[in-house]
Amino acid sequence: MSKAGDPAVLAEEARPMAQSQKSVKKREAILRAAIEIINAKGFAAATMTDIAAALDLRDAALYYYFPNKQALAFAGHQRSLDRFEAILAAVDEAGGTGLCKLGCFLRALLDDAVSNGPQLYFGDNSYLEDVQRRAIEARTAELSKTLERFLKEGMADGSIAPCEPALVVQLMVGMLIWLTKWTPATPGLTNERLLEAIEAMALRGLAAK
């Protein structure tokens, strides 16, 4: 039998891949726990010990993936923006009126939080290094422009009332920041209840008469 078909060789070749997949899953679990704890306590009060304890890990296990809490938070911001961007892209590809895109985006964002946990609270990144903060702010600005385009499309197709897209997007992002920060404490909250409240406050107000 050639070495290429040797079960021992095949097993050895498969091991790094399995270890890699395991590492990716572990890193994702650490990011999810970190985001939940930083959202709840704030960056300053959250500790690596808190995050490790949430996963039944030793602190040293976290430092294998992230050199410090700041690097972990930066990765949490990046991961959150990755998810945000993927949702925007999927909604944009599906098409529809501008108002429909906004509604689908908000629903998808809420559904994503159920599957993947909350996104990192966008309201504060002052604890990041300057280069990290600039990177996050640049990405956030690009994603905001996609939302602005949805609003402009809605005004053009008649589904959204005339408004200032940049200002409305700032208000929407502010709303999403506070949703991430405070709504988890609401008793019996469901995505349907939350979406209904968002629609009542924002989308119906934007709808053209």
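Taking the criterion of being in a helix (DSSP H, G or I) and at pLDDT 55 or above, would at least one residue in the range 1-13 satisfy it? I'd like the intermediate steps shown before the answer.
Let us first name the residues in the range 1-13 that are in a helix (DSSP H, G or I), namely 3-5, 7-13.
Checking which are at pLDDT 55 or above leaves us with none.
No: the range 1-13 contains no residue that is in a helix (DSSP H, G or I) and at pLDDT 55 or above.
Just one of the numbered conditions (1) hydrophobic (A, V, I, L, M, F, W, C); (2) closer than 30 Å to Val168 by Cα; (3) part of a helix (DSSP H, G or I) is not true of Ile30; which one?
Of the numbered conditions (1) hydrophobic (A, V, I, L, M, F, W, C); (2) closer than 30 Å to Val168 by Cα; (3) part of a helix (DSSP H, G or I), the odd one out for Ile30 is (2).
I need every pair where a residue in the range 136-150 that is closer than 10 Å to Gly98 by Cβ has its Cβ under 6 Å from the Cβ of a residue that is modelled with pLDDT of 90 or more and among the small types (Gly, Ala, Ser), sequence separation at least 6 or different chains.
What qualifies is Phe150/Gly98.
Any residue at all in the range 74-96 that's under 18 Å from the mean Cα position of the chain (by Cα), farther than 24 Å from Thr190 by Cα and of a type in the set (A, V, I, L, M)?
Yes - at least one qualifying residue is present in the range 74-96.
In the range 114-134, how many residues are hydrophobic (A, V, I, L, M, F, W, C), over 14 Å from Met172 (Cα atoms) and surrounded by 17 or more Cβ atoms within 10 Å (Cβ to Cβ)? Walk me through how you get there before you give the answer.
The first filter runs over the range 114-134 and keeps only residues hydrophobic (A, V, I, L, M, F, W, C), leaving 114, 120, 122, 128, 131.
Add one more test, that the residue is over 14 Å from Met172 (Cα atoms), and what stays is 114, 120, 128, 131.
Then keep just the ones that are surrounded by 17 or more Cβ atoms within 10 Å (Cβ to Cβ); that gives 120, 128.
Residues meeting the conditions: 2.
With Asp124, Asp111 as the choices, which residue is part of a loop (DSSP other than H, G, I, E, B) and not basic (Lys, Arg)?
Values: Asp111 fails: part of a loop (DSSP other than H, G, I, E, B).
Sole residue among the options that is part of a loop (DSSP other than H, G, I, E, B) and not basic (Lys, Arg): Asp124.
Within the group Leu120, Leu128, Leu110, Leu99, which residue is touching a residue at least 40 places away in the same chain (Cβ under 8 Å), in contact with a Ser or Thr (Cβ under 6 Å, 6 or more places away or on another chain), under 27 Å from Lys26 (Cα atoms) and among the aliphatic types (A, V, I, L, M)? Lay out the reasoning, then the answer.
Values: Leu128 fails: in contact with a Ser or Thr (Cβ under 6 Å, 6 or more places away or on another chain); Leu110 fails: in contact with a Ser or Thr (Cβ under 6 Å, 6 or more places away or on another chain); Leu99 fails: under 27 Å from Lys26 (Cα atoms).
When all the criteria are applied, what remains is Leu120.
Could you list, in sequence order, the residues of the range 74-89 that are free of Cβ contacts under 8 Å to residues at least 12 places away in the same chain and either aliphatic (A, V, I, L, M) or touching a strand residue (DSSP E or B) at 6+ places or on another chain (Cβ under 6 Å) (or both)? Give the steps one after another, and end with the answer.
Our first condition is that a residue be free of Cβ contacts under 8 Å to residues at least 12 places away in the same chain; within the range 74-89, this holds for 82, 86, 89.
Answer for the range 74-89, where residues must be free of Cβ contacts under 8 Å to residues at least 12 places away in the same chain and either aliphatic (A, V, I, L, M) or touching a strand residue (DSSP E or B) at 6+ places or on another chain (Cβ under 6 Å) (or both): Ala86, Ala89.
Return yes when Asp92 is charged (D, E, K, R), out of contact with any strand residue (DSSP E or B) (no Cβ under 8 Å at 6 or more places or on another chain) and at pLDDT 90 or above and no when it is not.
Working: charged (D, E, K, R): yes; out of contact with any strand residue (DSSP E or B) (no Cβ under 8 Å at 6 or more places or on another chain): yes; at pLDDT 90 or above: yes.
So Asp92 passes the test.
Do we find a residue being part of a helix (DSSP H, G or I) and touching an Asp or Glu at 6+ places or on another chain (Cβ under 6 Å) anywhere in the range 90-104? Working first, answer last.
Initially, the range 90-104 is screened for residues part of a helix (DSSP H, G or I), giving 90-94, 98-104.
From what's left, touching an Asp or Glu at 6+ places or on another chain (Cβ under 6 Å): 98.
Yes.
Is at least one residue of the range 26-37 closer than 14 Å to Pro118 by Cβ, of a type in the set (Val, Ile, Thr) and at pLDDT 50 or above?
yes
Among the residues of the range 104-113, which ones are modelled with pLDDT under 90 and either under 22 Å from Gly205 (Cα atoms) or loosely packed, with under 14 Cβ neighbours inside 10 Å (or both)?
Step one: filter the range 104-113 for residues modelled with pLDDT under 90, giving 106-107, 109-113.
Leu106, Arg107, Leu109, Leu110, Asp111, listed by residue number.
Checking Ala138 against (1) at pLDDT below 80; (2) part of a helix (DSSP H, G or I); (3) surrounded by fewer than 17 Cβ atoms within 10 Å (Cβ to Cβ): exactly one of these is not met. Which one?
(1)
So, in the range 144-193, of the ones that are in a helix (DSSP H, G or I), out of contact with any Gly (no Cβ under 9 Å at 6 or more places or on another chain) and modelled with pLDDT under 75, which residue ends up farthest from Arg83 (Cα to Cα)?
Ala185
The values are calculated or read from the model by the stated rules, or taken from the named source; none is laboratory data. These numbers come from a predicted model, not from an experiment. Quick reminder, even Gly has a Cβ in these numbers, built from the backbone with ideal geometry, and neighbours come from all protein chains shown.
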